[in-house]
Amino acid sequence: MTSALLVGIGNTLRGDDGAGIRVAELARARFPHLTVLCVQGLSPELAETVAQYDLLLIVDASVATTVLRVSEVTPAASGERIQSHTMSPAGILGLAATVYNRVPSRSVLIELPAVTCDFSEVLSPLTAGQVEPCLDVVGSYLARS
């Protein structure tokens, strides 16, 4: 089995924005060989960590989708501007490629629908209903690696 990293993104005090963290915490318990990080955003410092793994799974909530969305991520061109606080998944991979000359052989972004990001520690019913299917997706990628 190859080494796998799951990065859960979000803020658990902002309703559905905490979905990535919720999935990450459940994945940590369900998949003991999976390395799990919980972050509020993708910072440039993560590039070093990401470069050490063969499989990268990034889980985040998105207001741009109403269904669970899974997409492969490839490194951004080396010209992408480095942000000091948050970067795109492709930007993190591009930075890892440029600085560490290595990226995971497979990188995947899994987006859960976000209905509301108001102050709350509770996921909306739509988002909460996508947590288990998201964990199934994580499990399927781990089984392939």
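Tabulated data for the structure shown
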read-out	value
Residue-wise HN-Hα coupling along segment 130-145, computed from phi with Karplus coefficients 6.51, -1.76, 1.60 (Hz; x: Gly, Pro)	9, 5, 5, x, 5, 4, 5, 4, 4, x, 5, 5, 5, 5, 7, 8
Which of 141, 53 has the fewest Cβ neighbours within 10 Å, and the rest in rising order	141, 53
Residue 121/residue 70 FRET efficiency (R0 30 Å; Cβ-Cβ; nearest 0.05)	0.70
Residues 134, 117 arranged by fewest to most Cβ contacts within 10 Å	117, 134
Under-5 Å amide H pairs with residue 63, H placed in peptide plane, nonlocal only	114
Nonlocal amide H pairs with residue 120, under 5 Å, H built at 1.01 Å	14, 15
Relative contact order of the chain, pairs being alpha-carbon contacts under 8 Å that are 6 or more residues apart, as %	32
Farthest toward positive dipole pole in the chain [+1 Lys/Arg, -1 Asp/Glu at C-beta], among 117, 137, 59	137
Footprinting exposure proxy for 63, 131, 50 (fewest neighbouring C-beta atoms within 10 Å first)	63, 131, 50
Under 5 Å, built H, 5+ apart or other chain: amide partners of residue 36	6
Rounded if a/c under 1.5, otherwise prolate or oblate - the chain, Cα gyration tensor axes	oblate
Karplus-derived HN-Hα couplings along segment 30-46 (A = 6.51, B = -1.76, C = 1.60, θ = phi - 60°), whole Hz, x at Gly and Pro	7, 10, x, 8, 8, 7, 10, 10, 10, 9, 8, x, 7, 9, x, 4, 5
Integer Hz, Karplus 6.51/-1.76/1.60 couplings in order for segment 53-58, x for Gly and Pro	10, 8, 10, 10, 10, 10
Net length gained if the chain between residue 49 and residue 99 were fully extended (0.36 nm per residue, minus Cα distance)	16.8 nm
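The numbers here are math on the coordinates, done by the rules we state, and not lab data. As the structure is a prediction and not an experimental result, all values here were calculated from the model. FYI the Cβ positions are ideal-geometry reconstructions off the backbone, even for glycines, and counts take in every protein chain you see.
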